[in-house]
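Read through the structure below, which is laid out as structure tokens, and then see the notes.
The values are calculated or read from the model by the stated rules, or taken from the named source; none is laboratory data. This structure is a prediction, so every number in the text was calculated from the model and none was measured. Methodologically, a virtual Cβ is constructed for each residue, glycine included, from the backbone with ideal geometry; neighbour enumeration extends over all protein chains shown.
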Amino acid sequence: MFSIRAFRSAIVSKPWAPIAATSVVAAAASSYYFSNMAISNDAKTATLKGDDQWVDLKLKSSKDLSHNTKALIFELPTPDSTLGLTTASALLTKYVTPKGSNVVRPYTPVSDPDSKGEFELVVKSYPEGKMSKHIHELKEGDTLSFKGPIIKYQWQPNLHKEITLIGAGTGITPLYQLISAINKNPEDKTKVNLFYGNATEGDILLKDEIDAIAKAKPQQFNVHYFLDKPSDNWKGENGFISEEFIKGNSPAADSDNVKVFVCGPPPFYKAISGAKVSPTDQGEVDGALKNLGFNKDQVFKF
């Protein structure tokens, strides 16, 4: 089980970064992923080609989604350019501090991988987050360096009969990529369960987009939101995403052809699935999913 309140306390002392913050570790991770990548977009239109080269892109616009979260749209080189990412992939961002140090962080775009001319990031600013604070301070016309793609998971339509997505905070971004891709493809009949935790209703990211998909296809998309600090008129789930809730609202481990995807801060991984050892090592399954009988082949940690 996992409390969003515990998560918020944790990020004050140690902001969440799925890949280690140092440029040395980031470089090692990117080297692995770039050598194992496959780009879906036409190579002629792809901006990020997996060649380990940084590309500077201009901020087109930004808007506040909450008191500490922004949606930012970056321009691609031409109106026909694509970003070059696939479903369930990410990119690296970089900026150089006044002292000459490189700050490198991974982010997952929320825009369609096939979008042309621009792409969108959703970024939450953390108290000690060097990159997130830098991105929030960008003005229209400023540039940021990007490299990628980082292939996290090779998604294939209908590979799994049913999937369960369990996330917290900005961990929704790769999960939303999967939701969006499945919704976009009329041939993909994968059934989706989403369990998404936050502190307050205002912290829920991409809620309008997710709700629209679930409303249009209620038999395929099953969505539950969890709040640690719900208002009096909140109609969703209260508290943490518990082992009991997962058991009662998603396929069991011994069901046919199921998969569970998890994304969130370190305390969330610990409670739900067990931690990742490194960007290239998923680690053993632990926490609620282990207790429910899921094995390493059935769980993927973004």
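Points to keep in mind about this one:
- Residues that are small (Gly, Ala, Ser) and within 12 Å of Ala46 (Cα to Cα), drawn from segment 71-103: Ser81, Gly84
- Evaluation of Pro186 against (1) touching an Asp or Glu at 6+ places or on another chain (Cβ under 9 Å); (2) not assigned by TED's automatic domain parsing to the domain that holds Lys60 (one fails), failing number: (1)
- The residue that is nearest to Lys247 (Cα to Cα), among those in segment 162-193 that are in a loop (DSSP other than H, G, I, E, B) and either modelled with pLDDT under 95 or among the acidic types (Asp, Glu) (or both), is Asp188.
- Every condition in (1) over 14 Å from the mean Cα position of the chain (by Cα); (2) surrounded by 22 or more Cβ atoms within 10 Å (Cβ to Cβ); (3) not small (Gly, Ala, Ser) holds for Pro127 except the one numbered (2).
- Segment 255-302, residues that are over 22 Å from Asp203 (Cα atoms), assigned to a helix (DSSP H, G or I) and in contact with a Lys or Arg (Cβ under 7 Å, 6 or more places away or on another chain): Gly287, Gln298
- Within segment 247-302, the residues that satisfy the criterion of being in contact (Cβ under 8 Å) with a residue 40 or more places away in the chain, aliphatic (A, V, I, L, M), farther than 18 Å from Pro106 by Cα and in contact with a strand residue (DSSP E or B) (Cβ under 7 Å, 6 or more places away or on another chain) are Val258, Val260, Ile272, Leu289, Val299.
- Flag: Asp80 does not match the condition of being part of a loop (DSSP other than H, G, I, E, B), farther than 22 Å from Thr143 by Cα and either charged (D, E, K, R) or at pLDDT 65 or above (or both).
- Residue that is nearest to Ile210 (Cα to Cα), among those in segment 115-135 that are in a loop (DSSP other than H, G, I, E, B) and in contact with a helix residue (DSSP H, G or I) (Cβ under 9 Å, 6 or more places away or on another chain): Ser125
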